[in-house]
């Protein structure tokens, strides 16, 4: 008669829980800590993202206002030019380059005896409360004269 050899039963694998081995290995009081961390961190990340968007929009608004003021001052400083022509150039610049970025955009042109001053002001959309939304740029150039 041949002896019966008993083999050990194969080891059972643990059931997958859907979490990493270190995720739930702590104390039972740590349940829900990931949710709490997410609830704290997520608003901070969103505030950072919207803050960056607001800074970029404000910077672009400053750039558009500066370009409009410079172009208008350069055109208005010519001998055969006028303040109305300079204002028209600034408004067209804001419309074409700003693409509706500004709310309540105003252009003020003062053509004095020796200089022309162009002031462009406007409001940009505000995503972050408390962040400045006003944009103002001033360009001053001497008027051309016959010599």
Top of 49, 57, 101 by mean-square fluctuation, Gaussian network on the chain, Cα under 10 Å = 49
Relative contact order in percent for segment 33-142 (Cα pairs under 8 Å, 6+ apart) equals 29
Under the helix-only model (-39500 (n - 2.57) for each DSSP H run of 4 or more, divided by the residues of the chain), the mean residue ellipticity at 222 nm, to 500 deg cm²/dmol, is -14500 deg cm²/dmol
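Would you mind ranking 41, 118, 64 so that the residue whose beta carbon has the fewest other beta carbons within 10 Å leads the list?
On the way: 41 10, 118 29, 64 24.
In order of increasing Cβ crowding within 10 Å: 41, 64, 118.
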Computed curve, the chain, Cα-only Debye sum without solvent term, log₁₀ I(q)/I(0) at 0.09, 0.16, 0.20 Å⁻¹, is -0.52, -0.89, -1.10
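Since every read-out is calculated from the coordinates, none of them should be taken as a lab result. Nothing here was measured: the structure is a model prediction, and the numbers come from that model. Ideal geometry is used to build each Cβ from the backbone, glycine not excepted, and the neighbour counts take in all protein chains shown.
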